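Here's the structure, in structure tokens; my notes come after.
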2 protein chains.
Amino acid sequence: MAQKPSIPKGTRDFGQVEMARRNYIFDTIKGVFQLYGFQQIETPAMENLSTLMGKYGEEGDKLLFRIQNSGEKAALAPEKGLRYDLTVPFARYVVQHREEIVFPFKRFQIQPVWRADRPQKGRYREFYQCDVDVIGSDSLVGELELIQIVEEVYRRLGIRVCLHINNRKVLAGIAEVIGAPDKMIDITVAIDKLDKIGVEAVNAELIERGLNAEQVDKLQPILNLSGSTADKLNALRSILAASEIGIQGIEELDTLFGLIKATDVQLNIELDLCLARGLNYYTGAIFEVKALDAQIGSITGGGRYDNLTGIFGLPDVSGVGISFGADRIYDVLTELDLFPKELQSTTQILFAAFGTDELHYALQWAKALRATGRTVEVYPEPTKMKKQMSYADAKQIPFVAIVGGDEMAQNKVMLKNMVSGEQELVDFEELVKLLNC
Amino acid sequence: MAQKPSIPKGTRDFGQVEMARRNYIFDTIKGVFQLYGFQQIETPAMENLSTLMGKYGEEGDKLLFRIQNSGEKAALAPEKGLRYDLTVPFARYVVQHREEIVFPFKRFQIQPVWRADRPQKGRYREFYQCDVDVIGSDSLVGELELIQIVEEVYRRLGIRVCLHINNRKVLAGIAEVIGAPDKMIDITVAIDKLDKIGVEAVNAELIERGLNAEQVDKLQPILNLSGSTADKLNALRSILAASEIGIQGIEELDTLFGLIKATDVQLNIELDLCLARGLNYYTGAIFEVKALDAQIGSITGGGRYDNLTGIFGLPDVSGVGISFGADRIYDVLTELDLFPKELQSTTQILFAAFGTDELHYALQWAKALRATGRTVEVYPEPTKMKKQMSYADAKQIPFVAIVGGDEMAQNKVMLKNMVSGEQELVDFEELVKLLNC
């Protein structure tokens, strides 16, 4: 016998149970996106390498899956690669189709991406991203709507979360007022680790990254900010008074918290000055969502970018977006046992026949039942009843309609409840009523 | 400015209108699959090349997109390729997961596939397939259910079709009784062209493929069979009397037509002895569906295979399946103008505000409306009313709720019907009633 077949490492097959659960997540997210008028697009799995290269840093370039040319060009360097994220293809899409697009453009996209990362627990080489963005407007209503979407998605999924929020302009202002405007990235990379490594280690790293002791000292009040959001914003306003960009960041946060209050958002929201996020293209708000009841890191994140499409020759188009991490949401729902129970089986009833005539009879009933919207299977052969029953058991089908000569003669079926084991003789009308649609 | 970005040839971007239409097709098909208890699976975009190679003939091997290895292995020959169809990954899946699968296994799969074909009108390098199969049972109820699925899918889509049906055993029987049992493939390849090139050219091709004149003569009554299905089956029964496999094929067709009659299938079904289909793995029934009102070739096809999983070391597992061609169905629906009109816009109402206070007011109304399930957008800036209106126009949003100081004072909005141009002042209750959910 041939060797048992397998799939490439870091990739996955999804069976029916996983698919039902994944579809539940995607459908929930999609349903909320649509409530806000976001519209779906899809881009090809392959992009030209020229579109992808240099957009994810040196490390990212190495992680691109390249596609060998076909035909005569096979010997030449690859020209195509697999999508690495949904952001760069989205920027490419906006520039390429800018004549047809109605701005502000509200789009969402749910597709797999591929990265030649070393596979490990929770990290795959093929995984789905769910991105939602509005591009072509710098109004903070964009930020507000994304926050409302986060609130509604997690309310529907039943996951308690906290949304952490920050603003890159505030971070720039901080770098400015401590006298190290060119060190913003270094400062944010270091303070991003505050939660993980503590204040001592962060200070050590800041020195290592070229700040002097005085600058690190000046930073301490900011690392230690506490109190309500209003308290933090007030403290920052005086700390950043000398920085134009810093004050601009404070104003943005102020306006956004005003919108949040005006629309009575119920989500836990925390102003988190240690939130920087790795990607350097954010220019305004930065978001990250963490589940409160599971230790899993960020399950949604994003922010505002003022120049995403600039790399493709269309400057000055501001947008804001977030990405839901479907795999991590899946893990949280599994850990907290929050998947709806009815996802397990899509089939409501199986017909099991004793003979060929009974099978024909069952097929007729099945047809009539399906016309009412019920999901119905007919065991395809009039084989041993035990075998038919164990099929229903294995597939967790809740009801079996047994058809023998007696049932046919009475124009009925023997309905067995597979949970309670109870049986009763029912006619078609009764059966329709018993199976909720 | 940089060169305008593009995508690889033979691939496509799908904008919101195309996505809405594609989702309509996929959701319709999926809804019918689920009525019959078929369950969705997904497999990775990449498979090991060892899984793919040699499964599609020499030509197919050339059309596989190969993925360059990453890291240290980059210089070696590729080990992975992109999925070329859904059938081989399905066979691989069944063998790999056979311990967990409940047989008969009813699965469907809707995913893209990639082929390095020369792109041309209607032929793409990335396209979706929608496959449905039941594997692990040789009951003809499998064939019946696929026929019922074809009937229901096209009824829901509003496309009039004819299902052509044949049986590979009958074709084998024909080869046997004309004395050329080793020429079955040649005969089927030739007579498959009857519609296109006519009987003379088919006969010439048969001679070219090694049949003698007597054998070609014996074939003529079969090429000329006409009348009802029952007539054709009766005629065939006597022609094929000497061939065991031929009679087996007739019996199968007979049983299947009996099931079709017993379940009152309304579909146009034609027994078509010229139907062979390219793929050689079919061993029983063969199906092909053609649209009656569009010249586009086959829009759905499939058949029974007795040894699909044999290539991966699991012999003797019989299955039957069909594949819906989403791109061609899209073209037929477009040509016949059959897409539902309401797919155009998903947003029911846009709020347009005159100032910042009005914008806050609009955001509150929008929130309350969304809670009732309505899809709502708020123009993100209180900019010129004309600009906000043209956004609604361009997105074909049917209603705009205009908010100025007067409306706010009365706790109302000015509702504009974008089709008729009429305006009326409404309160929240009235608005909810006017927008159907």
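The values are calculated or read from the model by the stated rules, or taken from the named source; none is laboratory data. Just so it is clear, the model here is predicted, and its values are computed rather than measured. Because the Cβ atoms are built from the backbone with ideal geometry, glycine has one as well, and the counts that use them run over all protein chains shown. Remember, those area values only see protein heavy atoms, side chains included, never the ligands or the DNA or RNA. Shrake-Rupley method; radii C 1.70, N 1.55, O 1.52, S 1.80 Å.
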Per-residue mean of other chain beta-carbon atoms within 10 angstrom of the beta-carbon, peptide A:66-79? 4
Restricting to the protein assembly as shown, compute how many DSSP beta bridges are antiparallel as a %, nearest 5. 80
With charges set only on the Cβ (+1 for Lys and Arg, -1 for Asp and Glu), what does the dipole of the range B:16-335 come to about its Cα centre, in debye to the nearest 20? 820
Given charges at Cβ of Lys, Arg, Asp, Glu: the protein assembly as shown dipole, positive-most of A:T347, B:A401, A:I322: A:I322
Taking a ≥ b ≥ c as the square roots of the eigenvalues of the Cα gyration tensor of the range A:207-330, is the shape rounded (a/c under 1.5), prolate (a/b larger than b/c) or oblate? rounded
Note to self: Kirkwood Rh of the range A:1-42, Cα pairs, one decimal, Å, is 13.3
For the range A:287-366: rounded, prolate or oblate by the Cα gyration tensor [a/c cutoff 1.5]: oblate
Can you list, bin by bin at 5 Å, the percent of alpha carbon pairs in the range B:1-153, starting at 0? 2, 8, 14, 16, 17, 16, 14, 7, 3, 2, 1, 0, 0
Go ahead and collect, in residue order, the members of the range B:260-290 whose backbone nitrogen is under 16 Å from a label point 7 Å along the Cα-Cβ direction of A:Q364. B:260-266
Return the single residue from B:R370, B:R92, B:R83 with maximal mean-square fluctuation; model: Gaussian network over chain B, springs between Cα atoms under 10 Å. B:R370
Buried solvent-accessible surface, both chains (B, A), 1.4 Å probe, Å² to nearest 100: 8100
Rounded to the angstrom and largest first, Cα extents along the principal axes for the range B:127-251 equal 48, 31, 30
Counting only protein chains, not ligands or nucleic acids, how are A:E252, B:E381 ordered by accessible area (probe 1.4 Å), most first? B:E381, A:E252
Charged-residue dipole, Cβ positions (Lys, Arg, Asp, Glu), the protein assembly as shown about Cα centre, Debye nearest 20: 980
With Cβ to Cβ distances under 9 Å as the rule, what net charge do the other residues near B:L35 carry (K, R +1; D, E -1)? +1
Mind ordering B:24-31, B:420-427 by average Cβ neighbours within 10 Å, highest first? B:24-31, B:420-427
About its Cα centre, what dipole magnitude does the range A:1-130 give when the only charges are +1 on Lys and Arg Cβ and -1 on Asp and Glu Cβ, stated in debye to the nearest 20? 440
If the viscosity is 1.002 mPa s and the temperature 20 °C, what Stokes-Einstein diffusion coefficient in µm²/s follows for chain A when Rh is the Kirkwood radius over Cα pairs? 83
Pick out, from A:V141, B:G301, A:M184, the residue whose Cα sits farthest towards the positive end of the charge dipole of the protein assembly as shown, with +1 on the Cβ of Lys and Arg and -1 on the Cβ of Asp and Glu. A:M184
Within a Gaussian network of chain A (alpha carbon springs, distance under 10 Å), most fluctuating of A:A276, A:A204, A:A77: A:A77
Of B:C130, B:C274, which has the most accessible area and how do the rest follow, probe 1.4 Å? B:C274, B:C130
Protection proxy ranking, peptides A:191-201, A:38-48, average beta carbon neighbours within 10 Å, highest first: A:38-48, A:191-201
Return the carbon/sulfur percentage of the accessible area of the protein assembly as shown, one whole number, probe 1.4 Å, all protein chains in place. 49
Here the whole-number average of other chain Cβ atoms within 10 Å per Cβ of A:12-22 is 5
Ranking A:S6, A:Q68, A:V132 by how far each Cα lies towards the positive end of the charge dipole of the range A:6-157 (+1 on Lys and Arg Cβ, -1 on Asp and Glu Cβ), the top one is A:S6
Order A:M385, B:M53, most accessible first, counting only protein heavy atoms with a 1.4 angstrom probe. B:M53, A:M385
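Is the range B:346-436 best put as rounded, prolate or oblate by its Cα gyration tensor, with a ≥ b ≥ c the root eigenvalues, rounded for a/c under 1.5, and otherwise prolate when a/b is larger than b/c, oblate when not? If you can, show how the numbers build up before the last one.
Working: a/c = 1.25, a/b = 1.01, b/c = 1.24.
Rounded.
Tell me, what is the per residue accessible area of chain A in Å², probe radius 1.4 Å?
Result: 42 Å² per residue.
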Quick one: label points 7 angstrom along Cα→Cβ at B:G227, distances to the other copies in nm, smallest first? 9.8
Okay, helix-only estimate at 222 nm for chain A: each DSSP H run of n ≥ 4 adds -39500 (n - 2.57), divide by all residues, round to 500 deg cm²/dmol; what do you get? -12500 deg cm²/dmol
Debye intensity ratio in log₁₀ form over the Cα atoms of the range A:1-70, taken at each q of 0.14, 0.22, 0.28 Å⁻¹: -0.86, -1.04, -1.14
Take the range B:149-193, drop everything but the C-alpha atoms, weight them equally and run the Debye formula without solvent; then report log10 I(q)/I(0) at 0.28 Å⁻¹ to two decimals. -0.94
For the protein assembly as shown, what are the per-bin percents of Cα-Cα distances with bins 20 Å wide, up to the bin holding the maximum? 13, 40, 33, 12, 2, 0
For B:363-373, what's the mean count of beta carbons from other chains sitting within 10 Å of each residue's beta carbon? 3
Relative contact order (%) - criterion: Cα under 8 Å, at least six apart; region: chain A: 14
List the distances, in nm and shortest first, from the label point of A:E430 to the matching label points in every other copy, placing each point 7 Å from Cα along the Cα-to-Cβ direction. 5.3
Leaving out ligands, DNA and RNA but keeping every protein chain, what accessible area does B:E205 have, in Å² rounded to the nearest 10, with a 1.4 Å probe? 30
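Going by average Cβ density within 10 Å per residue, which order do the peptides B:294-301, A:350-357 take, highest to lowest? Intermediate values should be presented prior to the final figure.
Working: B:294-301: 17.4, A:350-357: 20.8.
So the order, starting with the most tightly packed, is A:350-357, B:294-301.
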